[in-house]
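Visitor: One structure is given below, represented as structure tokens, and several questions about it will come after.
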Amino acid sequence: MNLAQLLSRLRADDRFLRHVTRWEVLAAEPGRFADWPDGLDARLVAALRDRGIERLYSHQAASVAAALAGRSLVVPTPTASGKTLCYNLSVLDAMLRDPEARALYLFPTKALSQDQMHEAHDLIEHLGAPIKVHTFDGDTPETARRAIRSSGHIVITNPDMLHQGILPHHTLWVKLFENLRYVVVDEVHQYRGVFGSHVANVLRRLQRIAAFYGSRPQFVCCSATIANPGELASHLCGQDLVEVAENGAPRGEKHFIFYNPPVVNAELGIRRSAVKETRSLAERFLATGVQMIVFARSRMRVELLLTYLEQAGRKVGIRGGEVRGYRGGYLPTERRAIERGLRDGSVRAVVSTNALELGIDIGRLDVCLMCGYAGSIASTWQQAGRAGRRNDLSAVVLVGTSSPADQYILGHPDYFLGRSPEHATIDPDNLVILMSHLKCAAFELPFDAGERYGGRNVAEILDYLARQRVLHEAEGRYHWMADTYPAEEVSLRTAAPDNVVIVDQSVPGHRIIGEMDLFSAQEMLHDEAVYIHGAQQYHVDRLDWDRRKAYVQPVTVDHYTDAQRKVELKTLDAEDSRPDDHVGDLGLGEIGLVDKVTVYKKIKLGTHENVGAGKVNLPEMEMHTTSMWWRLPPDLAEEMPLAGLDLGDALKGLAHLVGTVAPVFVMADVRDLRAQAMVRAPFTDAPTLYVYDAVPGGVGYARRIFEQWTEIREAALEHVTACPCSHGCPSCVGAVVESGDRAKAGAAWLLARAAGRHAATAPAEPRPPLSPN
């Protein structure tokens, strides 16, 4: 049986189809080609023709033409569309014309850096040109670093190494910065939220140093498909960029199947295990002889599915070594061998975390199974892009879990399949992040009085740092004067300046396994917490708050812990406001939080039952951040009881519901946002829902929700009415024991009123599954 025959059999299988919410067939599309851009060096054209490339895809030609014209650009085309040539051609063209020209490539992972180094090296070998390309990261031997600094034409690194290993030591990199022509930033959609806000400041520092040495590099950015690639790339790079969005690469026919496992507990919103459903489907695909990739969201799931598929493979004659796992923790040589096996066909199936989501060259496979939603539409399309040779049939199956985000996507496939509404958001001017990087920038080069940074006036912050004796102001210049090395103290993945270090006590001499910001640490690393790191459970024996250390040891238990916060919220400043469509009005501004974790619950895995509790004794935390709020009419408190509803339950359910749906629209993790409702908020004197960034200063999520509120509100109403539970579950308004037995009906009533619809006292009946096209 081949792939086409299996798909036909699945279409005729009623037991399978009753759990399919959408079967979308993406028609094959031919490639669109263009002539070689004017001015491209003839040696490059000849080298590509030697490799069998007679013409460029239209987006490749447009990208190279824009770069040759001196423009910075962003290319938001799908996985395996040939984005590498979009920057390699213009970079190598510059180096063929000027042997002193240099380029800096930024990739988010070491594996991707290595892959792209080999890609560039192969093209340079065909050229026969004396152009040297090197990776520079934490694994680079000290003996090689001096040669790379002096003679590397293309230096491939990552944002962390640029931040801590290159910019502070720019005097060792004079050759690079004096001749820097291009900066390539790949996987731009990964740089969002706190991480993206930090990276934008790293790129500000890069351009400041380049300007000091007399160069002004062009930027070439590549991104997956999101709603605002041009806006995101422009904010990251601080420049206007040309957007080359028309994809010219060919595509074979692709079947995209949305599969929602059967419900096993309607009240708790629990569905049959996604791992078991993925295993069952993978076994059927394996039997057809196709080449397949299975994505799982944790290392534990990867190893579990790998074990199942190795057993299934033996039943259909697949030899040992033809089914492999791929995740962090494998040796680099082992990962490279798996990648080669996928390219040459000797590996039939691979089970991977999102480590293979990014653009590492593994060829084009036939089938992609996803055990759970990848967390964003952009990432899901990247994973799906791993299946589909240029003109061949391929299949993608997204198997949902019981998580709220999965259930939203599986219940709203039209939202997924339409033009991506996801907006990636950053705020490089977040005060905490900005101040951290101003310290790093002052260490690198003194600031002149009146000098702008990232296009903004920073004199007030520099004066503050001078008063704190971090900087010294003399003769119109601000000099670094502290003894510390600032970049070492700034993590690109947290906005808070202080972190808690996580120490594994089970190994001799102890081992640091990670770090966490203070606000999150109170919730996840308190005494007796069960902390999950890399799919391994750890028991927190002790949190030493004063020394900022959490001491943990591995355990295997059947529960996790969920800390409860007591939050006092005050609105400090209203920046913007507008009326909502039909009910109430919206506000945006700064809020102050006094936050204290008081108790924790033990929640049983799988059933989400509360199986225990305990107290937490930690100090209060204060934080200022950005919030949007929805003020509802005060008379709802009198109106809702007449409909048999309770305003308090409705608001609690609404907060959980919006906290579930909003992250999907703004490409945020659920931990990046918090929603809190008040029956009578002091600032508005009315029932109010607050949705705020869980980051000091905020990074733009709340602002984006304010701008997209109507779309998010409508989506929340659709989601709660489609949920199959009767009174509430974790996938919509929260468990009944948390939100109340009238939370679901009340939240739906409020949202229906806000949409100008007749507000029923109970949600509509859940929608039946959508039949295949």
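The values are calculated or read from the model by the stated rules, or taken from the named source; none is laboratory data. What you are looking at is a predicted structure, and each value in this text was computed from that prediction instead of being measured. With ideal geometry, Cβ positions are generated from the backbone for all residues, glycine too; neighbour counts draw on all protein chains shown. Note: accessible area is taken over every heavy atom of the protein model, side chains too, but ligands, DNA and RNA are not part of it. Shrake-Rupley method; radii C 1.70, N 1.55, O 1.52, S 1.80 Å.
Visitor: Quick one: accessible area per residue over region 499-555, 1.4 Å probe, rounded to a whole number of Å²?
Guide: Each residue of region 499-555 exposes 47 Å² on average to a 1.4 Å probe.
Visitor: Contact order normalised by length for the chain, with contacts defined as Cα pairs under 8 Å and 6 or more residues apart; what percent is it?
Guide: 12
Visitor: While we're here: In the chain, which cysteines lack any other cysteine Cβ under 4.7 Å from their own?
Guide: When partners are defined as cysteine Cβ atoms under 4.7 Å apart, the chain leaves Cys86, Cys221, Cys222, Cys237, Cys368, Cys371, Cys440 without one.
Visitor: Oh, and also: On alpha carbon coordinates alone, what is the Rg over Rh value for region 499-555, Rh being the Kirkwood radius?
Guide: That ratio equals 0.91.
Visitor: Can you compute the charge dipole magnitude of region 499-555 about its Cα centre, using +1 on each Lys and Arg Cβ and -1 on each Asp and Glu Cβ, nothing else charged? Give it in debye, rounded to the nearest 20.
Guide: It works out to roughly 200 debye.
Visitor: On to the next question. Counting DSSP beta bridges in the chain, what percent are antiparallel, to the nearest 5?
Guide: Once the DSSP bridges in the chain are tallied, antiparallel ones form about 60 percent.
Visitor: Moving on to the next point. Looking at this model, which pairs from Lys566/Lys652; Lys615/Lys652; Lys83/Lys175 are more than 19 angstrom apart at the alpha-carbon?
Guide: Among Lys566/Lys652; Lys615/Lys652; Lys83/Lys175, the Cα-Cα distance tops 19 Å for Lys615/Lys652; Lys83/Lys175.
Visitor: Using only Cα positions of region 56-177, each an equal point scatterer, no hydration layer, compute I(q)/I(0) via Debye at q = 0.10, 0.21 Å⁻¹ and quote the log10 values to two decimals.
Guide: Log10 of I(q)/I(0), two decimals: -0.31, -1.35.
Visitor: Taking only DSSP H segments of four or more residues, each worth -39500 (n - 2.57), what value at 222 nm results for the chain once the sum is divided by all its residues, to the nearest 500 deg cm²/dmol?
Guide: Calculated at 222 nm, the ellipticity per residue is -10500 deg cm²/dmol.
Visitor: If you don't mind, another one. Find the eigenvalues of the gyration tensor of the Cα atoms of region 29-87, then list the square roots of 5 times those eigenvalues as equivalent ellipsoid semi-axes, largest first, in whole angstrom.
Guide: In descending order the semi-axes read 17, 16, 10 Å.
Visitor: Any idea what % of Cα-Cα pairs in region 33-243 are farther than 31 Å?
Guide: Tail fraction, whole percent: 13.
Visitor: Please compute the per residue accessible area over region 33-243 with all protein chains in place, 1.4 Å probe, rounded to a whole number of Å².
Guide: With the other protein chains kept in place, region 33-243 gives 35 Å² per residue.
Visitor: Next question. With a 1.4 Å probe and all protein chains left in place, how much of the accessible area of the chain comes from carbon and sulfur atoms, in whole percent?
Guide: Using a 1.4 Å probe with all protein chains present, the chain comes out at 48 percent carbon and sulfur.
Visitor: What are the residues whose amide H is under 5 Å from the amide H of His479, where those residues sit 5 or more places off or on another chain and H is modelled from the backbone?
Guide: His472, Glu473, Ala474
Visitor: What is region 431-489's relative contact order, in percent, from Cα pairs under 8 angstrom and six or more apart in sequence?
Guide: 38
Visitor: Mind checking the alpha-carbon convex hull of region 393-468 and giving the volume per residue in Å³?
Guide: Given the Cα convex hull of region 393-468, per-residue volume reads 211 Å³.
Visitor: Arrange the peptides 377-386, 585-594, 648-657 so that the one whose residues have, on average, the most other Cβ atoms within 10 Å appears first.
Guide: Listed from highest to lowest mean packing, they are 648-657, 377-386, 585-594.
Visitor: Could you give me the ³J(HN,Hα) list for region 693-700, computed from phi with Karplus coefficients 6.51, -1.76, 1.60 and θ = phi - 60°, whole Hz, x at Gly and Pro?
Guide: 6, 8, 9, x, x, x, 10, x
Visitor: Related question: From the mean inverse distance of alpha carbon pairs (Kirkwood) and the Cα radius of gyration, derive Rg over Rh for region 270-371.
Guide: Here Rg/Rh amounts to 0.93.
Visitor: Return one quarter of the surface area of the convex hull spanned by the alpha-carbon atoms of region 431-489, equal to its mean projected area, in nm².
Guide: Result: a mean projected hull area of 3.8 nm².
Visitor: Using θ = phi - 60° and the Karplus form 6.51 cos²θ - 1.76 cosθ + 1.60, what ³J(HN,Hα) does each residue of region 372-384 get, whole Hz, x for Gly and Pro?
Guide: In residue order, the calculated couplings are x, 5, 6, x, 8, 5, 4, 5, 5, 5, 5, 5, 4 Hz.
Visitor: With the Cα gyration tensor of region 420-520 in hand, convert its eigenvalues to equivalent ellipsoid semi-axes via √(5λ) and list them largest first in whole Å.
Guide: So the three semi-axes of region 420-520 are 31, 21, 10 Å.
Visitor: May I pose another question? For region 499-555, build the charge dipole from Cβ charges (+1 Lys, Arg; -1 Asp, Glu) around the Cα centre, then report which of Tyr551, Gln537, Ile512 sits farthest towards its positive end.
Guide: Comparing the listed Cα positions along the dipole, Ile512 ranks first.
Visitor: Turning to a different aspect of this structure: Under a 1.4 Å probe, what is the accessible area of region 431-489 per residue, stated in Å²?
Guide: 56
Visitor: Still on this structure, I have one more. Kirkwood Rh over Cα pairs of the chain into Stokes-Einstein at 25 °C, 0.890 mPa s: D in µm²/s?
Guide: Answer, rounded: 88 µm²/s.
Visitor: What is the sum of charges, Lys and Arg at +1 and Asp and Glu at -1, for the other residues whose Cβ falls under 15 Å from the Cβ of Leu518?
Guide: Charge balance in the 15 Å sphere: -3.
Visitor: Further question: Taking only the alpha carbons of region 145-204, what extent do you get along each of the three principal axes, in Å, biggest first?
Guide: Its Cα atoms span 35, 19, 18 Å along the three principal axes.
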